[in-house]
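What follows is a single structure, written as structure tokens, with notes after it.
Only the coordinates and a few stated rules stand behind these numbers; no lab work does. As the structure is a computational prediction, the values presented were derived from the model and not from experiment. A quick note on method: Cβ atoms are made from the backbone with ideal geometry, for glycine too, and the neighbour counts reach across all protein chains shown.
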Amino acid sequence: MGQTVKKIIVEISRIILGAVFVFSGFVKAVDPLGTAYKIKDYLTAFNLGYFDFTALPLSYIQFAVEFSIGICILLGVYRRANTILALIMMIVMTPLTLYLAIKNPVTDCGCFGDALVLTNWQTFFKNLPLLLMAICLFLWYKSITPVFTKKCNSLITFWVYLFIIGLGLYCFYFLPVLDFRPYKVGAHIPSLMEIPEGAEHPVFDTKLIYSKDGKQREFTIKDYPKDDTSWVFVDSKTVLLKKGYVPAIHDFSITTGEGNEITDHVLADTSYTFLLIMHKLEEASDVNVDKINDIYDYSKKLGYSFYALTSSLPVEIHEWIKNTGAEYPFGTMDDIALKTIIRSNPGLLLIKGGTIINKWPNTALPNFSGVKTSLNSSVIGKIPENHNLQKMIIISLVLVAPLFILYPYDFFVIRKRQKKHRQRREVQVE
């Protein structure tokens, strides 16, 4: 094979494989909890649920390694080591995705988070050319032209890891800087629940679980003991019986402690509604319960609705009320739906007429203590402008600015020193 053809193959492989690794690592980093949830799905599928505690650390390791490998391949940093790592990852992921495609233990691999959802077969066929590219780069790594000299390799690698881990930590303690989920700010929930005219409707079966005399029993929506107070509502679950068109939002369903469905009522409310999301009360932080209670008091004074939504059992709800002095009403909802709505436990959602006006993590809840003005006259009550492009520019600048500063030093100082050193050696040899 000619050197020109080899060089072309290497450059194409380098750009495509490097870009895919960067994109994959980045979209996982902006949603580290989402990545951890997907890892938990894998652990459950392979009967390794007792390792759930490793999901979040593994999330950080995964996106940090992927992102770093991608940047280093693009820049030609540690060519040998990073092409080996890329090949190892593709050797592991390609047969794994084939297994997932055949057995389907999880619905999607999560390789690109919520930014780009692929089926398991699409993921497998995507990995085949990437595996070939990884092999080419492994065999011909010396044909990769480095952007920087070797003297800069360790500094660049350190900065890339520091950047991507820092981004992941920021998005974990606050919220994803880029929201790829259907529950983003500005989304109109009822519209995203609609099924187009003529499309085949999926068929779901909803079971309501009630308890009486220490025994649990499942009921349907039609025959649940609505008027029999001796039955205590425990939980609800929805099972897909027949596939059809699945809308972006298909599991937004709120049930009261008495088993009443209030979803339509909440979404049709033309005034403001606060939704306190606590997918698991036993795992929810109680650090800001005073702030939460202030928000509830504010909503009560101004006539706004307020609901706490959880997937926890009544016993956990009563325990939360006992420990926090909560007076707000509770509703139950699917655990996965709640974790999808907001990556914070607890987290706060403000909606109006079914449209998401704003959302806040537990670390940045709004302060309503002593506030008497309505949301209509407040910035909080208005949908903030979408600044995704601006965020991407800022993130990109934070990443590349140090590299731009390093490059002139590398080009004019380090390379010049190396050139002089080579010249001295040549003179000594002569």
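Assorted remarks:
- Max mean-square fluctuation residue, GNM over the chain, Cα-Cα springs under 10 Å, options I356, I102, I383: I102
- Comparing H387, Y304, G331 along the charge dipole axis of the range 297-430, the residue lying farthest to the positive side is H387, per the Cβ-charge model.
- Model label zone, H421; criterion: amide N under 19 Å from point 7 Å along Cα-to-beta-carbon; scope the range 117-151: 146-151
- Anchor K352: aspartates and glutamates whose Cα lies under 13 Å away (excluding residues fewer than 8 positions away in-chain): D264, D269
- In the structure shown, the pairs K243/K382; K103/K280; K222/K291; K359/K391 are assessed against 28 Å; a Cα-Cα span above that value is assigned to K243/K382; K103/K280; K222/K291.
- Simple Cβ-charge dipole of the chain, Lys/Arg +1 and Asp/Glu -1, about Cα centre, in debye nearest 20: 3120
- Rounded to the nearest Hz, the phi-derived 3J(HN,Hα) couplings of the range 161-175 under the Karplus curve 6.51 cos²θ - 1.76 cosθ + 1.60 (θ = phi - 60°) are 5, 4, 4, 6, 5, x, 5, x, 5, 4, 5, 6, 7, 10, 9, where x marks glycine and proline.
- Part-to-part distance (alpha-carbon centres) for the range 230-296 and the range 1-57, which is given in Å: 33
- Residue among D235, D264, D31 with the largest mean-square fluctuation in a Gaussian network model of the chain, springs linking Cα atoms under 10 Å: D264
- Cα centroid of the range 136-178 to Cα centroid of the range 310-372, whole Å: 37
- Under the Karplus curve 6.51 cos²θ - 1.76 cosθ + 1.60, θ = phi - 60°, whole-Hz ³J(HN,Hα) for the range 264-274, x wherever Gly or Pro sits: 4, 4, 5, 6, 8, 5, 7, 9, 7, 9, 8
- Judged by the mean number of other Cβ atoms found within 10 Å, the most tightly packed of the peptides 344-353, 367-376, 297-306 leads the ranking 344-353, 297-306, 367-376.
- Dimensions (Å) - the range 149-231, Cα atoms, principal axes, largest first: 75, 44, 22
- Semi-axes of the equivalent ellipsoid for the chain, computed as √(5λ) from the eigenvalues of its C-alpha gyration tensor and ordered from largest down, come to 50, 26, 18 Å.
- Think of it as helices only: each DSSP H run of n ≥ 4 in the chain is worth -39500 (n - 2.57), and spread over all residues that comes to -16000 deg cm²/dmol at 222 nm.
- Qualifying lysines (Cα of each under 22 Å from Cα of K6; at least 8 residues distant if same chain): K142
- The chain: most fluctuating residue of F112, F125, F23 per GNM, C-alpha cutoff 10 Å: F125
- Mean separation of Cα contacts under 8 Å, 6 or more apart, over the residue count of the range 326-404: relative contact order %: 18
- Given charges at Cβ of Lys, Arg, Asp, Glu: the range 15-173 dipole, positive-most of F51, P146, N120: P146
- Selection from H201, I61, F158 lying farthest towards where the dipole of the chain points positive, charges on Cβ: F158
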